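Written out below as structure tokens is the structure these notes cover.
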Amino acid sequence: MCPLIQSLKDKIPRTYKVYILHKEGYRLPAQMGILPIVNKNNTADASLITFHEYSPKVSMPHLTQELRYMNMLDPLTSMGNRRYIEINLASRLEEMKRYGFRIGILFCILDKVNSIKGAYGTVVKDKVIKMIGKTISSNIRFFEFAGRWEEDSFLVILINVDSHKLDLIANKLRLLAEQSSILVEDILIHTTISIGGVLAASSSTKDSLIKKAENFAHISQKEGQNRVTLGSDRY
């Protein structure tokens, strides 16, 4: 039953986590509240619906400025660039070996980027890349990290995950990217992402992890795009 109808029927307030479409096209987590309004006859014939931002990412403008100063900020997306990804991943691997928690990475490749560029030009292509980057970075936990690896790819570093959680997060990001879109001259433009995910092992290096995750992402593309392929960095 529709949550709104259910609340009108039983007069019980409810809250739900939803993903709303931002005006710039990306999907943003939010909390939706439904508050039934009960009249003097003890029935509910209307409800108050509210939305509150629920993004797990914490805004850190000082970090953005610091990354820009150190030339580790991607100018298009305002995310960490390839150099920062490599430094961050190396640090997380050292922490994993020291403290024993498991980390995983997701390599996300945008599908059909060249087709979008050919049909609508570089400006629209850049907006799509920025939109997908924002969707990814807005939907991971505040202590995790997403950065831009190459023109059409992003890398996500996840902390304290197992294979099940890696699969859940990868498919959540894939679905949210699929549901993101921008409007250009009355045309709705969207893309999908193909993802490769890898759980780190005690013997993992940043290079071995990234290479394996990228290979899995290319497998996802070859098998039809908008897919997730997962594995472990074991030899």
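Things worth noting here:
- Qualifying residue in segment 102-113 (condition: without any contact (Cβ under 8 Å) to a residue 40 or more places away in the chain, under 20 Å from the mean Cα position of the chain (by Cα) and at positive phi): no
- Failed item, numbered, when GLU185 is tested on (1) closer than 30 Å to VAL18 by Cα; (2) out of contact with any strand residue (DSSP E or B) (no Cβ under 8 Å at 6 or more places or on another chain); (3) surrounded by 15 or more Cβ atoms within 10 Å (Cβ to Cβ): (3)
- Scanning segment 211-235 for residues that are surrounded by fewer than 21 Cβ atoms within 10 Å (Cβ to Cβ), outside any loop (DSSP other than H, G, I, E, B) and in contact with a helix residue (DSSP H, G or I) (Cβ under 9 Å, 6 or more places away or on another chain) gives LEU230, GLY231, SER232.
- Test: residue in segment 105-120 that is in a loop (DSSP other than H, G, I, E, B), touching a helix residue (DSSP H, G or I) at 6+ places or on another chain (Cβ under 8 Å) and at pLDDT 95 or above: yes
- Odd one out for ALA201 among (1) out of contact with any Ser or Thr (no Cβ under 8 Å at 6 or more places or on another chain); (2) outside any helix (DSSP H, G or I); (3) not acidic (Asp, Glu): (1)
- Exactly one residue out of LYS172, LYS130 is more than 21 Å from THR229 (Cβ to Cβ) and either of a type outside the set (A, V, I, L, M) or crowded, with 22+ Cβ neighbours inside 10 Å (or both), and it is LYS130.
- Pick from segment 190-208, criterion under 18 Å from the mean Cα position of the chain (by Cα) and surrounded by fewer than 24 Cβ atoms within 10 Å (Cβ to Cβ), ranking: farthest from ALA177 (Cα to Cα): LEU199
The values are calculated or read from the model by the stated rules, or taken from the named source; none is laboratory data. Quick caveat, the model's predicted, so the values are computed rather than measured. All Cβ positions, even for glycine, are placed from backbone atoms using ideal geometry, and neighbour counts span all protein chains on display.
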